[in-house]
Amino acid sequence: MTRNEVRKRSRDARLGQAIRAVLLSTLLMAPAVSAGAEETKPLRFCADPTNLPFSSDDPGKPGLYLEIGQAVAEKLGRAVSYKWYKSYFGKRTVRETLLSKQCDAMVGLPLVDDFMGPAVIFSQPIAHEGYALVGAKDCKLAGIDDLKGLRVAVQYESAPQNLLASRDDIQKVTVLSPDEGMAALAQGKVDVAFIWAPVAGWLNKTTYDDKYQVVSTEGDGLLWKTAIGFAKASGALRDEVDGVLPSLQPEIAALFAKYGVPNGAPVKFGQADRTTSSTGVSEPTTVGQATTTEKPVQTAAATGDIKAGRETFNGTCAHCHGPDAVQSERRIDLRLLKKRYGADMEATFWKTVHEGRPAKGMPSWKDVFSDDELKNVYAYLQTLQTSDSSN
Ligand code: HEC
């Protein structure tokens, strides 16, 4: 077995445990007041004091990753404390903080196989990080070809710079930082900036009055998952954190919006440019803005995008309902919706995903996903309905 498979297996094994932990914590609701002294010790996070939008030592503006850490600690009934370390999350930082037992966890480490090998272990993914296209809101940014003939700011020695290097039909303007890229855009020196997404989104929100669209991109070196990292010996803590993460999804999504950090479906770039969805359209994804408010809900069935629905499902719902909805616990086996509800299947779906069943461990998703995204999930689930799941 490769390390990946091993990791996946142990993750599958943890899934059952995670569900029980979530159910338990929703049943108990209150933080564990009666827990022993060991349990109530503060959870120590290592963080950079000057790295907004991710972290800062300004209590009025703690940053996305610190707030995620706070939410996790609160769910576990523990206080937080910080070990400040002024640096980006390089390997050296991790070695000198997390692996030297200065702290228990670091939020936002890159979830890639070669990141510090077995010395660091990870929670379930919490976010994406990478590069984004930033441009006027009416500008079409659905793929690399939309940049033809435009002046595009790229950061020096970044993945976007490499990606665009061979495109003579796109005029590159090199900048040294995302701040400089945003300034070039605002001054009309470029049409689009292809820069570090979290900072672009944060500046768009705090400095540029939400004037631009910020579109995450996906492709070689453009996007990776991040997670909460722990030292290898902290497996038990990691499992505890994984147990509460699913129920924190709505809160985490709201924190992304608060800091303007893009967290939406990325646009495919590079080799796979112009990948169209199964409906044949590839729409620009506008991120960092609230999704549309209240819409009529009862939408025609089967018009959703099955492929996109499967992605959303496996990214979020699968934590509890199983990858590809394969789930041996019948109560949460979503392949049995049709059998269980018949003609009321769709109505039950919408009511459950909108309102959740908080007392039973099913979160509400209406502030996390738009109805279009949920419609896609429904379309995907429709393809899986069976009268009996033999698994
Ligand atoms: C934190 C775990 C968790 C996550 C994540 C989760 N669910 Fe659930 N879901 C549950 C539980 C537990 C139930 C069963 C509640 C009950 O017993 O009534 C449930 C029930 C449901 C039901 C009703 C099933 C039935 O037969 O009545 C639907 C539909 C559903 N979930 C859809 C989703 C979708 C779509 C997502 C992703 C957007 C999702 N869930 C994410 C835990 C979760």
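Numerical summary
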quantity	calculated
Subset of the range 358-389 (residues that are within 8 Å of the ligand (Cβ to nearest atom) and either more than 18 Å from the chain's Cα centre (by Cα) or at positive phi (or both))	Lys360, Gly361, Met362, Tyr378, Leu381
Qualifying positions in the range 329-342 - farther than 14 Å from Ser387 by Cα and more than 7 Å from the ligand (Cβ to nearest atom)	Glu329
Any pair with Cβ under 8 angstrom, 6 or more apart, that starts in the range 341-358 at a residue that is within 13 Å of Tyr378 (Cα to Cα) and ends at one that is charged (D, E, K, R) and outside any helix (DSSP H, G or I)	Val353/Lys366; His354/Lys366
All positions within the range 332-363 that are at pLDDT below 85 and either touching a helix residue (DSSP H, G or I) at 6+ places or on another chain (Cβ under 9 Å) or not charged (D, E, K, R) (or both)	Pro358, Ala359, Lys360, Gly361, Met362, Pro363
Any hit, the range 110-120, residues being over 18 Å from the mean Cα position of the chain (by Cα), surrounded by fewer than 17 Cβ atoms within 10 Å (Cβ to Cβ) and closer than 19 Å to Val241 by Cβ	yes
When residues of the range 51-80 are limited to those that are of a type in the set (A, V, I, L, M, F, W, C) and without any contact (Cβ under 8 Å) to a residue 60 or more places away in the chain, the one farthest from His128 (Cα to Cα)	Ala79
Condition broken by Leu164, with the remaining ones in (1) touching a Leu at 6+ places or on another chain (Cβ under 7 Å); (2) surrounded by 14 or more Cβ atoms within 10 Å (Cβ to Cβ) satisfied	(1)
Flag for Ser81 being in contact with a Pro (Cβ under 6 Å, 6 or more places away or on another chain), modelled with pLDDT of 90 or more and not in a loop (DSSP other than H, G, I, E, B)	yes
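Results for (1) assigned by TED's automatic domain parsing to the domain that holds Leu98; (2) buried (at least 24 other Cβ atoms within 10 Å of the Cβ); (3) on the phi > 0 side of the Ramachandran plot; (4) assigned to a loop (DSSP other than H, G, I, E, B), shown as yes or no for each residue.
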position: Asp168; (1), (2), (3), (4): no, no, no, yes
position: Val173; (1), (2), (3), (4): no, no, no, no
position: Leu185; (1), (2), (3), (4): no, yes, no, no
position: Gly188; (1), (2), (3), (4): no, no, yes, yes
position: Tyr208; (1), (2), (3), (4): no, no, no, yes
position: Ala233; (1), (2), (3), (4): yes, no, no, no
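The values are calculated or read from the model by the stated rules, or taken from the named source; none is laboratory data. Since the model is a prediction, treat every value here as computed from it, not as a measurement. Virtual Cβ from ideal backbone geometry, glycine too; neighbours counted across all protein chains shown.
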